[in-house]
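This report refers to the structure that appears directly beneath it.
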Amino acid sequence: EIHRASTTAPVNIAVIKYWGKRDPKLNLPTNSSLSVTLSQSDLRTHTTASCSPSYPSSDSLLLNGSPQDVTGARTQACFRELRALRSALEAANPSLPKLSSMPLKIVSENNFPTAAGLASSAAGFAALVRAIANLYELPASPTELSRIARQGSGSACRSLFGGYVGWEQGSQADGSDSVAFQVAPASHWPEMRALILVVSAAKKGVSSTTGMQTTVATSSLFTSRATETVPRRMLEMQKAIQEKDFEGFGKVTMMDSNSFHATCLDTYPPIFYLNDVSRAAIKTVECINAATGKIVAAYTFDAGPNAVIYYLEENEKAVVGVFKAMIGGKDGWKGARGEKVEGNKE
Ligand code: DP6
């Protein structure tokens, strides 16, 4: 007999970036962060978790058809936490099948390039954790699942919620208070759009895990970012979202992306995620905003050259029109896709 459950989890793109760990084992961050969960139509991971006494004795994970190593500490931490919750359930209800002692088989499909700076680990671990939680019929809340997914990949904790999502850095050594929370549902500000500009679908140079460790160890800008700049901007950003103030939202988004990439440059040896094409996008956004006389578009970049441009539906022509005209041209954009903000999945 095979027990099975499936789920999908969407990508999230941070407007206040997570960069730096105070505990690399538990992925406990040095600052809180905030993101927007994108629509599941294009950018999502679909995952099926199954278990059976007849499976080969070890756990397995297939991503886009290729077998992945599941012995890594991050995947193991997620499996261990979820199994512990299931065993507690089985101990309380002896009639339940003993799923916690059966090998797990996880099958995941991304419908976007893996490790291209498109937050694939976020959707990946969020889907893995929820699929197993569904398989085990755990009564766990999205908050509790976010605590587990965070151990797979920090940013994954934010993909357990829809809409506008914060991740509280927390102060406990065991990470129990380092969880995601919803700032506002997607329905609060449904006009929000994200345009994703793909420069390169190639695997990124310096992984975020390695990059942020080197930044923490060497950058002198990093401390003021983590202790002063981000705490202030977390408050400004939540206020902008509550008030649906796009100018405030856009300005903080762009300034935080710039601050994050400045600490990357301030890392030794320096880390460059932006390239000439990324910088052309920044210039273009500045031109659009200058021509409009207010902020109607806001760029942000993760650990790679691909741009995400946030804008409101009413400004679609002014923003997307300009970028669409650049696709395939000398500036080097290979493709673009528009995304809406996603609501809660549960
Ligand atoms: C730049 O969540 O991929 O996208 O916890 O080591 O897996 P690990 O890092 P990861 O880092 C994401 C960094 C970022 C900013 C963000 O999403 O907040």
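The values are calculated or read from the model by the stated rules, or taken from the named source; none is laboratory data. What you see is a predicted model, and the numbers here were worked out from it, not measured in a lab. For neighbour counting, all protein chains shown are included, and Cβ atoms are generated from backbone atoms with ideal geometry for every residue, glycine included.
Descriptive notes on the structure:
- Scanning region 126-155 for residues that are touching a strand residue (DSSP E or B) at 6+ places or on another chain (Cβ under 8 Å) and of a type in the set (Gly, Ala, Ser), we see that the one that is farthest from residue 26 (Cα to Cα) is 131.
- Residue 216 more than 26 Å from residue 285 (Cα to Cα), of a type in the set (Val, Ile, Thr), in contact with an Asp or Glu (Cβ under 7 Å, 6 or more places away or on another chain) and surrounded by 16 or more Cβ atoms within 10 Å (Cβ to Cβ): no
- Pairing residues of region 225-243 that are closer than 18 Å to residue 310 by Cβ with residues that are part of a helix (DSSP H, G or I) and charged (D, E, K, R), at Cβ distances under 9 Å and at least 6 apart in sequence or on separate chains, gives 233/256; 236/251; 237/256; 240/247; 240/251.
- Flag for residue 74 being assigned to a helix (DSSP H, G or I) and within 16 Å of the ligand (Cβ to nearest atom): yes
- Residue match in region 17-32 (condition: under 15 Å from the mean Cα position of the chain (by Cα), farther than 17 Å from residue 209 by Cα and not small (Gly, Ala, Ser)): no
- Among all residues of region 235-256, there is at least one that is touching a Ser or Thr at 6+ places or on another chain (Cβ under 8 Å), surrounded by 14 or more Cβ atoms within 10 Å (Cβ to Cβ) and acidic (Asp, Glu).
- Some residue of region 233-244 being away from the ligand (no atom under 16 Å from the Cβ), among the basic types (Lys, Arg) and more than 22 Å from residue 197 (Cα to Cα): yes
- Taking the listed residues 191, 137, the one that is more than 28 Å from residue 243 (Cα to Cα), surrounded by fewer than 21 Cβ atoms within 10 Å (Cβ to Cβ) and at pLDDT 95 or above is 137, with no other qualifying.
- Failed criterion for residue 127 (all others in (1) surrounded by 24 or more Cβ atoms within 10 Å (Cβ to Cβ); (2) over 29 Å from residue 253 (Cβ atoms) hold): (2)
- Residue check, residue 100 on the phi < 0 side of the Ramachandran plot, hydroxyl-bearing (Ser, Thr, Tyr), surrounded by 16 or more Cβ atoms within 10 Å (Cβ to Cβ) and assigned to a strand (DSSP E or B): no
- Checking residue 212 against (1) touching a helix residue (DSSP H, G or I) at 6+ places or on another chain (Cβ under 7 Å); (2) assigned to a helix (DSSP H, G or I); (3) aliphatic (A, V, I, L, M), the condition it does not meet: (1)
- Some residue of region 162-176 being buried (at least 24 other Cβ atoms within 10 Å of the Cβ), at pLDDT 95 or above and more than 16 Å from the ligand (Cβ to nearest atom): yes
- Residue within region 92-114 that is among the charged types (D, E, K, R), modelled with pLDDT under 95 and away from the ligand (no atom under 16 Å from the Cβ) present: yes
Residue-by-condition table, conditions (1) more than 27 Å from residue 216 (Cβ to Cβ); (2) modelled with pLDDT under 95; (3) crowded, with 21+ Cβ neighbours inside 10 Å; (4) in contact with a strand residue (DSSP E or B) (Cβ under 7 Å, 6 or more places away or on another chain):
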site: 2; (1), (2), (3), (4): yes, no, no, yes
site: 5; (1), (2), (3), (4): yes, no, no, yes
site: 19; (1), (2), (3), (4): no, no, yes, no
site: 22; (1), (2), (3), (4): no, no, no, yes
site: 29; (1), (2), (3), (4): no, no, yes, yes
site: 35; (1), (2), (3), (4): no, no, yes, yes
site: 41; (1), (2), (3), (4): yes, yes, no, no
site: 47; (1), (2), (3), (4): yes, no, yes, yes
site: 59; (1), (2), (3), (4): yes, no, no, yes
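- Hey, residue 52 in contact (Cβ under 8 Å) with a residue 40 or more places away in the chain, away from the ligand (no atom under 16 Å from the Cβ) and over 21 Å from residue 151 (Cα atoms) or not: yes
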